[in-house]
1. In segment B:101-111, which residues are surrounded by fewer than 19 Cβ atoms within 10 Å (Cβ to Cβ), in a loop (DSSP other than H, G, I, E, B) and more than 9 Å from chain A (Cβ to nearest Cβ)?
2. Within segment A:77-100, take every residue that is out of contact with any helix residue (DSSP H, G or I) (no Cβ under 8 Å at 6 or more places or on another chain), at the interface with chain B (Cβ under 9 Å from one of its Cβ atoms) and not in a helix (DSSP H, G or I) and give me the one that is farthest from residue B:69 (Cα to Cα).
3. Name every residue in segment A:1-32 that is part of a loop (DSSP other than H, G, I, E, B), at the interface with chain B (Cβ under 8 Å from one of its Cβ atoms) and either surrounded by 14 or more Cβ atoms within 10 Å (Cβ to Cβ) or touching a helix residue (DSSP H, G or I) at 6+ places or on another chain (Cβ under 9 Å) (or both), in order of residue number.
4. Out of the residues in segment B:125-136 that are surrounded by fewer than 19 Cβ atoms within 10 Å (Cβ to Cβ) and in contact with a strand residue (DSSP E or B) (Cβ under 8 Å, 6 or more places away or on another chain), state the one that is nearest to residue B:99 (Cα to Cα).
5. Hey, among A:50, A:141, which residue is closer than 22 Å to residue B:49 by Cβ, within 7 Å of another protein chain (Cβ to nearest Cβ), modelled with pLDDT under 95 and surrounded by fewer than 16 Cβ atoms within 10 Å (Cβ to Cβ)?
6. Before we move on, is residue A:96 in the same structural domain as residue A:130 (by TED's automatic domain parsing), touching a residue at least 40 places away in the same chain (Cβ under 8 Å) and either within 14 Å of the chain's Cα centre (by Cα) or within 25 Å of residue B:136 (Cα to Cα) (or both)?
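The values are calculated or read from the model by the stated rules, or taken from the named source; none is laboratory data. Here the structure is a predicted model, which means the values were calculated and not measured. Because the Cβ atoms are built from the backbone with ideal geometry, glycine has one as well, and the counts that use them run over all protein chains shown.
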């Protein structure tokens with residue numbers, strides 16, 4: 001049997017403790033647009049080309065996703081936004097803080113040759129804003145390596 | 001000051017315990033392509049239009065992302081692949097199990113009207129394969145609501 005093409009990632013679901021708080025952070029604060037009217041327990045916003053961010057009540061996730069939950073450590077995962085130069089890192093970092101995010105790492109020159117900053121959303125999910133000079137962002141948003 | 005456009009998600013970074021194990025799962029098992037030659041501590045694979053999945057040694061993440069780590073619960077986050085019909089859910093679910101994923105929920109008709117399945121990757125990160133009839137997948141991969 002021939003193998004299917006690998007799955008692309010078309011949605012990222014975050015288990016959040018209060019859908020309303022998260023939705024306000026992502027729409028009013030960060031500027032994301034809803035894909036469809038929000039449900040009290042789940043909301044979908046556009047997060048990239050063909051990519052949605054789903055904000056789902058974490059109490060409901062185990063019925064489909066098994067034993068998931070928040071611990072004293074943040075989940076070892078980060079949502080990244082690659083940008084073209086260092087100044088864009090600063091712009092997104094500031095906007096996130098204005099939206100109510102908590103600073104984890106301010107814009108910092110990294111030993112790998114670029115600049116990055118990290119913030120935490122209302123549930124502690126990490127977002128990293130990154131200028132990595134070994135990646136080129138094409139006009140249509142695709143990321144390539146140089 | 002006018003607000004910048006919201007950040008798109010161009011990378012998702014998973015904190016993994018063994019980069020080699022994860023890389024083998026995602027490339028040889030699931031069929032993803034490397035963006036650039038893998039580094040022993042981090043590897044990037046293409047995961048969608050303008051989207052990379054980064055597999056980073058979880059021991060190194062706290063230096064940029066703060067106190068992150070694995071707990072007894074899986075992280076409350078899932079990487080989703082939206083498909084056009086129920087049979088595609090089955091195809092991706094089987095392929096993932098062949099690649100070494102652990103089944104969390106086999107393909108199941110859901111009360112919200114569609115079908116979904118959930119698997120765990122080598123570090124427990126959830127992937128969901130979903131046919132949700134309220135979403136339409138456009139020819140170029142974008143997801144819209146109906």
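1. Within segment B:101-111, B:111 is the sole residue that qualifies.
2. Top of the filtered list is A:82.
3. Initially, segment A:1-32 is screened for residues part of a loop (DSSP other than H, G, I, E, B), giving A:1-10, A:17-18, A:30-32.
If we keep only those that are at the interface with chain B (Cβ under 8 Å from one of its Cβ atoms) as well, we get A:3-10, A:30-32.
Once the filter is applied, which keeps residues that are part of a loop (DSSP other than H, G, I, E, B), at the interface with chain B (Cβ under 8 Å from one of its Cβ atoms) and either surrounded by 14 or more Cβ atoms within 10 Å (Cβ to Cβ) or touching a helix residue (DSSP H, G or I) at 6+ places or on another chain (Cβ under 9 Å) (or both), segment A:1-32 yields A:3, A:4, A:6, A:7, A:8, A:9, A:10, A:30, A:31, A:32.
4. B:136
5. On the way: A:50 fails: surrounded by fewer than 16 Cβ atoms within 10 Å (Cβ to Cβ).
Residue meeting the stated conditions: A:141.
6. Numbers: in the same structural domain as residue A:130 (by TED's automatic domain parsing): yes; touching a residue at least 40 places away in the same chain (Cβ under 8 Å): yes; either within 14 Å of the chain's Cα centre (by Cα) or within 25 Å of residue B:136 (Cα to Cα) (or both): yes.
Against the criterion (in the same structural domain as residue A:130 (by TED's automatic domain parsing), touching a residue at least 40 places away in the same chain (Cβ under 8 Å) and either within 14 Å of the chain's Cα centre (by Cα) or within 25 Å of residue B:136 (Cα to Cα) (or both)), residue A:96 qualifies.
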